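Below is one structure; the comments refer to it alone.
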Amino acid sequence: MVRMYFLALYLLLGSALFTAQNVPPCSDFNDPSNPYGNWAPAPAPNGNVSVGIGSPNALDGSPYLIIKDKSGGSWYQNEKDYQYLGKHFLGQCIYFDFYLENDSGYGMPYHPYIVLSDGTNSASFVANVTVTPGSGWVRIKAPIQLSSGGVLPSNSDGAWTMSPVNAAAFDNIIMNSQIIAVSPDITSTQQEVVYFDNFCVKPCEGCNECNSNFKFQSTTSTSGNYTIGQVFLESTNSPSLYKVDWGDGTITDVMTSHTYTSAGSYTVCVAQYEGDKPKCKTCISICIPKPAEGGDAKNPAYVKSPLNEVRDIARAETGSTIQTDYTLVPNPAKNYVDVITNLSKSGPVSIKIMDASGKVLINRSETISTGRQSIRITTEKLIQGVYIVEIQLENKISSQKLMISK
């Protein structure tokens, strides 16, 4: 009983770790029991603000944070939810909504900003947009990116600044962030009132933005001697741009599954590359359960991936190395996949889609012509996972991996 208790606790803690790092932080001030969450005035003497909750934010119809200036330093901050942003969400953006109610007689267009700190140094993201009292809500996104060639990152919404500019210190702020802070202070008087809402980390919108978000799925053998892990991108970018670090020293492409043979906690990271350099990276922690009693984790028969078994079966049937005579578009697929061929002669073609165990789920035969042809296959009934698509023309069989992402 004691052993079962600790095993259950082990799995529970692993699940909690997985969930905690998989969810980007988002402060929307909508919780009626604790609208401020982990936000609070800065330690004395810099936390001279009063706060409240208003509604609705015209951008989403939800409650928002009201900050009023008081004499002295006026900072409101969060020291818990936005730590180590670069380590987990590099390439994504910090979104926030802003409204200026009273500028205490400033009389000039104002640029909203936020401050990020590693506990020693700080940098500000200053928006390009200008607001005046009552001009309306604006939504701004600040990139979670590293400096490049000594230049701090920027986007169409604004730019990161620090004084003096120190690229190494800035990169440390991004990778090891500890505090995110805002202030209503504009002038030396104390009449300023500003609204903030929806401090959310999420993929940046727009063309050519980076998104390395993914979901992790695992399947443990009935004997418990191995666990197969798979990743599923949330991005529409080409899978060829990504690499997976499985946390045990193995790095593969995202279309390859991975077999774990040892129990424990692993940090799985997916990075999107631009050339030979990572553009953004997302990491989650997973828990691999212990093998069942009586199993032999070192026995190769136990650790062989079912995907490899399907591949070996196909090779045995052809008596030669598998060749690919078709492409699958899109891949990953959702509701359908187009099998695109480009054959030198017409003839009957057999298409099979099999699961990891080799079970045939879809079987279709057609006669196709020469040249570029497309055969659409409905995949709505296939659950999320990795499948093998096998096509046979005369005596030659080719196979490819198909990923279904719901």
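Mind checking which residues of region 6-51 are in contact with a Pro (Cβ under 7 Å, 6 or more places away or on another chain) and either modelled with pLDDT of 90 or more or under 22 Å from SER177 (Cβ atoms) (or both)?
Within region 6-51, PHE29, ASN30, PRO35, GLY47, VAL49 meet the criteria.
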Hits in region 252-276 (condition: among the hydrophobic types (A, V, I, L, M, F, W, C) and either open to solvent by less than 30 Å² (accessible area, probe 1.4 Å) or over 10 Å from TYR242 (Cα atoms) (or both)) | VAL254, ALA263, VAL268, CYS269, VAL270, ALA271
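Look at ILE397 and say whether it is at pLDDT 85 or above, buried (at least 16 other Cβ atoms within 10 Å of the Cβ), assigned to a strand (DSSP E or B) and in contact with a strand residue (DSSP E or B) (Cβ under 9 Å, 6 or more places away or on another chain). Talk me through it step by step, then tell me what you get.
Details: at pLDDT 85 or above: no; buried (at least 16 other Cβ atoms within 10 Å of the Cβ): yes; assigned to a strand (DSSP E or B): yes; in contact with a strand residue (DSSP E or B) (Cβ under 9 Å, 6 or more places away or on another chain): yes.
Taking the combined requirement at face value, the residue does not satisfy it.
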Of the residues ALA181, ALA169, which single one is part of a helix (DSSP H, G or I) and either without any contact (Cβ under 8 Å) to a residue 12 or more places away in the chain or of a type in the set (Gly, Ala, Ser) (or both)?
-> ALA169
Sort out which residues of region 93-123 are touching a residue at least 40 places away in the same chain (Cβ under 8 Å), out of contact with any strand residue (DSSP E or B) (no Cβ under 8 Å at 6 or more places or on another chain) and more than 23 Å from TYR82 (Cβ to Cβ), and write them in order of number.
-> GLY105, TYR106
Going through region 362-394 in order, the residues found to be more than 25 Å from SER346 (Cα to Cα) and either among the small types (Gly, Ala, Ser) or surrounded by 14 or more Cβ atoms within 10 Å (Cβ to Cβ) (or both) are THR379, LEU382, GLN384, GLY385, VAL386, TYR387
At least 2 residues that are open to solvent by 30 Å² or more (accessible area, probe 1.4 Å) in each: list the strands (runs of 3 or more DSSP E) lying fully within region 39-126 that qualify.
-> 39-41, 47-54, 64-74, 93-102
Given (1) at pLDDT below 80; (2) in contact with a helix residue (DSSP H, G or I) (Cβ under 7 Å, 6 or more places away or on another chain); (3) on the phi < 0 side of the Ramachandran plot, where does ILE388 come up short, assuming only one miss?
-> (1)
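Could you list, in sequence order, the residues of region 145-195 that are on the phi > 0 side of the Ramachandran plot and touching a Lys or Arg at 6+ places or on another chain (Cβ under 9 Å)?
Residue satisfying the conditions is GLY158 alone.
Conditions (1) hydroxyl-bearing (Ser, Thr, Tyr); (2) farther than 17 Å from PHE196 by Cα, marked per residue:
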position: ASN46; (1), (2): no, yes
position: ILE53; (1), (2): no, no
position: ASP69; (1), (2): no, no
position: TYR76; (1), (2): yes, no
position: ASP81; (1), (2): no, no
position: TYR99; (1), (2): yes, no
position: ASN102; (1), (2): no, no
Quick check: is even one residue across region 297-305 modelled with pLDDT under 85, closer than 17 Å to VAL386 by Cβ and of a type outside the set (A, V, I, L, M, F, W, C)?
-> yes
When every residue in region 150-166 that is part of a loop (DSSP other than H, G, I, E, B), free of Cβ contacts under 8 Å to residues at least 12 places away in the same chain and open to solvent by 50 Å² or more (accessible area, probe 1.4 Å) is compared, the one nearest to ASP103 (Cα to Cα) is SER163
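Please go through region 127-140 and give me each residue that is open to solvent by 30 Å² or more (accessible area, probe 1.4 Å) and in contact with an Asp or Glu (Cβ under 9 Å, 6 or more places away or on another chain), ordered by number. Reasoning before the result, please.
Let us first name the residues in region 127-140 that are open to solvent by 30 Å² or more (accessible area, probe 1.4 Å), namely 128-130, 132-135, 137, 139.
Scanning region 127-140 gives ASN128, VAL129, THR132, PRO133, GLY134, TRP137, ARG139.
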Odd one out for GLY136, checked against (1) assigned to a loop (DSSP other than H, G, I, E, B); (2) within 19 Å of HIS88 (Cα to Cα) | (2)
Looking only at region 241-251, and only at residues there that are under 17 Å from the mean Cα position of the chain (by Cα) and open to solvent by 30 Å² or more (accessible area, probe 1.4 Å), the one that is farthest from THR220 (Cα to Cα) | LEU241
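Would you check which residues across region 352-378 are β-branched (Val, Ile, Thr) and either closer than 17 Å to ILE404 by Cα or without any contact (Cβ under 8 Å) to a residue 12 or more places away in the chain (or both) and list them?
Within region 352-378, the subset β-branched (Val, Ile, Thr) is 353, 360, 362, 367-368, 370, 375, 377-378.
Result: ILE353, VAL360, ILE362, ILE377, THR378.
The values are calculated or read from the model by the stated rules, or taken from the named source; none is laboratory data. Everything numeric in this text was worked out from a predicted model, so none of it was measured. Cβ: placed from backbone, ideal geometry, glycine included. Neighbour counts: every protein chain shown. Note: areas computed on protein heavy atoms with side chains; ligands, DNA, RNA excluded. Shrake-Rupley method; radii C 1.70, N 1.55, O 1.52, S 1.80 Å.
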